[in-house]
């Protein structure tokens, strides 16, 4: 990149940030962190469906079945009441839907 080409530099930086984020959401650590967060959020106000997904997610977590854990996290986020879904939840849901399973 040539000095003075701020737009090109900004575009390259944006591309690198996107690639970094896309790579991170494919890691086992990311999905495990998401599941643990959702696990604790649903402990306060569980439903029969969330309890089932948490049980399945715990088995997937313990057995290392990350693909199943991704699907379960997507399901749990969808169960959050509209008012309880944060901007981060929506972003995670979008990222999970873009991951190749």
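Bear in mind that the values in this text are calculations on the coordinates, not laboratory data. What you see is a predicted model; the values in this text were computed from it and never measured. Note: ideal-geometry Cβ built from the backbone for every residue, glycine included; neighbour counts use all protein chains shown.
With labels modelled as points extended 7 Å from the Cα through the Cβ direction, what inter-label distance (nm, one decimal) is found for residue 59 paired with residue 13?
Simple spin-label model gives 4.8 nm for this pair.
Can you pull the semi-axes for the stretch 31-98, root of five times each eigenvalue of the Cα gyration tensor, sorted largest first, whole Å?
17, 15, 9
Place a point 7 Å from Cα of residue 28 in the direction of its Cβ. Which residues in the stretch 67-81 have their backbone N less than 17 Å from it?
Output list for this probe position: 67-71.
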